[in-house]
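Asks: Below is a structure I'd like to ask you about.
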Amino acid sequence: MSIIVTYPDPILRKKSEPIEFVDDELAEFVEKMQDIMYEKDGVGLAAPQIGVSKRIIVLDDGNGLIGLINPVITEMNDNKEPMEEGCLSLPDVRVMVNRPTSIQVEGLDIHGNPVQYTADDMLARIFQHEIDHLNGILIIDYLSTIQRSLMSSKLKQLQRNADS
Ligand code: CO
């Protein structure tokens with residue numbers, strides 16, 4: 001049994017709650033998220049993916065670890081690019097997702113201090129993917145109707161795995 005919550009678990013569709021207090025317990029939780037992300041070879045993880053409906057994400061695009069609490073995208077450019085994405089909560093599913101290539105993100109670090117990131121390309125994409133999770137959005141939501149019908153057997157299989 002994996003610690004990662006997978007589709008179609010309803011927690012993945014909930015809007016996560018903001019964090020009101022950043023304390024040692026929370027910092028420990030963020031460290032646990034980081035460990036799970038690396039263990040699963042993920043480049044990002046959002047708290048709902050381990051069953052906690054709180055606005056916390058961790059990510060690492062290969063240039064270092066970022067843990068962010070209550071992340072908000074404050075700016076994005078108009079230039080979008082498609083790229084194939086996967087998700088630990090949707091095993092064996094790959095979806096082309098069109099996203100802005102440059103964004104600004106604000107939030108709190110694990111000490112509760114305000115931080116801001118300017119992110120481009122891969123890092124911008126991971127931030128957006130993880131923040132989507134906090135709003136109950138999954139990569140399959142970016143499928144066109146035709147793509148969705150092509151993928152329906154895969155999604156039904158995930159549903160069956162969850163039921164069994
Ligand atoms: Co994901």
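Only the coordinates and a few stated rules stand behind these numbers; no lab work does. Not measured: the values here are computed from a predicted model. Cβ placement follows ideal geometry from the backbone for every residue including glycine, while neighbour counts extend to all protein chains displayed.
Asks: For residues that are away from the ligand (no atom under 16 Å from the Cβ) and in contact with a helix residue (DSSP H, G or I) (Cβ under 8 Å, 6 or more places away or on another chain), scanning just the range 118-150, find the one that is farthest from Glu17 (Cα to Cα). Show your work before the answer.
Replies: Step one: filter the range 118-150 for residues away from the ligand (no atom under 16 Å from the Cβ), giving 118-121, 144-150.
Applying the additional criterion that residues be in contact with a helix residue (DSSP H, G or I) (Cβ under 8 Å, 6 or more places away or on another chain) yields 119, 148.
Working: Ala119: 24, Arg148: 29 Å.
Only one residue fits best here, namely Arg148.
Asks: Pairs only if they're at least six apart or on different chains, beta carbon under 9 angstrom, first in the range 73-86 and in contact (Cβ under 8 Å) with a residue 12 or more places away in the chain, second within 16 Å of the ligand (Cβ to nearest atom) and among the acidic types (Asp, Glu); list them, first residue then second.
Replies: Gly86/Asp92
Asks: Considering only residues that are in a strand (DSSP E or B) and either within 16 Å of the ligand (Cβ to nearest atom) or buried (at least 16 other Cβ atoms within 10 Å of the Cβ) (or both), which ones fall in the range 74-97?
Replies: Start the filter on the range 74-97 by keeping residues that are in a strand (DSSP E or B), which leaves 74-76, 80-85, 95-97.
Listed by number, the residues that qualify are Met76, Met83, Glu84, Glu85, Val95, Met96, Val97.
Asks: Quick one: in the range 31-56, of everything that is under 14 Å from Leu12 (Cβ atoms) and among the aliphatic types (A, V, I, L, M), which residue is surrounded by the most Cβ atoms within 10 Å (Cβ to Cβ)? I'd like the intermediate steps shown before the answer.
Replies: Step one: list which residues in the range 31-56 are under 14 Å from Leu12 (Cβ atoms), which gives 45-54.
This time we only want the ones that are among the aliphatic types (A, V, I, L, M), so: 45-47, 50, 52.
Working: Leu45: 27, Ala46: 29, Ala47: 24, Ile50: 20, Val52: 16.
Checking each candidate, the answer is Ala46.
Asks: Here is a follow-up. Among the candidates Gly62, Gly67, which residue alone is of a type outside the set (Val, Ile, Thr) and either surrounded by 18 or more Cβ atoms within 10 Å (Cβ to Cβ) or part of a strand (DSSP E or B) (or both)? Spell out the reasoning first.
Replies: Working: Gly62 fails: either surrounded by 18 or more Cβ atoms within 10 Å (Cβ to Cβ) or part of a strand (DSSP E or B) (or both).
Of Gly62, Gly67, the one residue that is of a type outside the set (Val, Ile, Thr) and either surrounded by 18 or more Cβ atoms within 10 Å (Cβ to Cβ) or part of a strand (DSSP E or B) (or both) is Gly67.
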